[in-house]
1. Hey, fewest Cβ within 10 Å first, where do 511, 40 land in order?
2. Show me, bin by bin at 5 Å from 0, the whole-percent P(r) of the stretch 257-307 based on Cα pairs.
3. Tilt of helix 2-26 relative to the longest C-alpha principal axis of the chain, in degrees (0 to 90, nearest 10)?
4. Evaluate the distance, in nm, between pseudo-label points positioned 7 Å from the Cα of residue 423 and of residue 567 along their respective Cα→Cβ axes.
5. Rounded to the nearest 5, what % of the DSSP beta bridges within the stretch 403-524 are antiparallel ones?
6. Helix 248-261 versus the longest principal axis of the chain: what angle, 0 to 90°, nearest 10, using Cα atoms?
7. Rounded to the nearest 0.05, what FRET efficiency do residue 5 and residue 59 have when you use their Cβ-Cβ distance and R0 = 22 Å?
8. I need the Debye-formula profile for the stretch 541-615: one equal scatterer per C-alpha, no solvent, reported as log10 I(q)/I(0) at q = 0.11, 0.23, 0.26 1/Å, two decimals.
């Protein structure tokens, strides 16, 4: 038996590595492959992986894995990223979670005809998305930073909330319907117990964080000691909190990870890299083992009613919670659609449902097996379609950020990066001064250390995926060399350079490099303020309620049509059409051709809708 368990464990880790390779090769989140391997090699298909080998230790394995995964996710959620998240994110983890809890609870109650306690136990567990499934998705899906931060924050916050809420309702379910029939689905005792368990987790998490920060600052002298200390502390924090209050461990590690990750500690990068590697291993173990527990007869237990619950969860409850939570927010409609479409459930609901179902069955609670059936059905469908389809959805909705390399971390490069980030793009600064690099990273910028004219440094910064390279150092020879390297070595054609000496402008432009000079830029701005004050004031509001954008016409339904025949949104206008090197003033009789570049102006939402019409 020990040999069988050893071979199974080694095989699971190997399958995890294969899943990661397949994910990188096909651009699909690895959780899809992990679930697939678990089902394929489990008892329901091939039968090579027997989960009963881990039966005695399964609960402990999953609990410790969840502790590491949640801690790592919270550790990486820096304060600068949290500050960049809008108030809509806060509403999503509060109002959105409440809508999900109530909406799914009522849906399950009336469609599956389960008792109130079980219906809301299942809905509580399904509130959780969590870093166990969101992190692999975002590793393979490049989306704008505000969307990424929102999904990560939601997962890290609602994982522990769902765990504690589920534990509280489980206690009520084990007692029968008493707490539910006396005061309705949400009883005073349940609220008190929920707040108590949440408070225990937060308190232990704070104490843990203070302790580990003190140890790392005063006693840790090597990266290895720091890494081991952090992982061990996360595990003991989880265990101690869970000892005092059921499911409070998840709250504890989330709070501890958030505080430690935002503290000034030594060897932070080494800790982050190590915890990421450990997380990859434990993710593989728990997903494959839990997937091998699936029984097909349980998934189809409720027939069409079960399918209806999943569809309502995906296409009604999730969009409703997202759109109501993000009303009057900075999110565009497409960003809200993407967040609505990506809400798969992960390990927390799966592991907790398995545990609760067994304990409810031992307490002779009717329909106890339904907890696993419904939860696993929702997990399976949402992971396959939402996690697997996330990269396609992001591209379809055009929320993939534009990667722009900025060579030079001076005030100009830094300010440009800041503005690009505010618009949801992905600026990466290349800087050779170590002190400047440290300062930029401390302020939340993405920075690569090195000489921007060096091909290997450009490659490390991701030049092959960059849409543009901007050279913004104080040295003209450095700027021109960097642009030439980006073009000749990597084929980047969209180049922009800061020219510090106006006498060098011709040298840049002879090479086809667009230029800007600090002196001429200042003069042009003053000229605009004098001659075009109203238009300049309007341009200053771009990025808030107004927008100007360029879009390439590649929609088959738009090619060959006159501008006057296209029903653009009321608050948008076509102000310029570029065809090769020709610039066309738009009239209603202008016929659009494939590859035309159209400049749109108007309110942000109207411009976004018009751009989508031309490009889809």
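1. Starting with the residue having the fewest Cβ neighbours, the order is 511, 40.
2. In order of increasing distance, the bins hold 4, 15, 14, 12, 11, 10, 9, 8, 9, 6, 2 percent.
3. Helix 2-26 and the main axis of the chain meet at about 20 degrees.
4. According to this spin-label approximation, the distance is 3.1 nm.
5. 0
6. Roughly 30 degrees between the two axes.
7. For residue 5 and residue 59, the calculated efficiency is 0.90.
8. Log10 of I(q)/I(0), two decimals: -0.23, -1.02, -1.27.
Every number here is computed from the coordinates shown, using simple stated rules; none is lab data. Given the structure is predicted, the values throughout are model-derived calculations rather than measurements. Quick reminder, even Gly has a Cβ in these numbers, built from the backbone with ideal geometry, and neighbours come from all protein chains shown.
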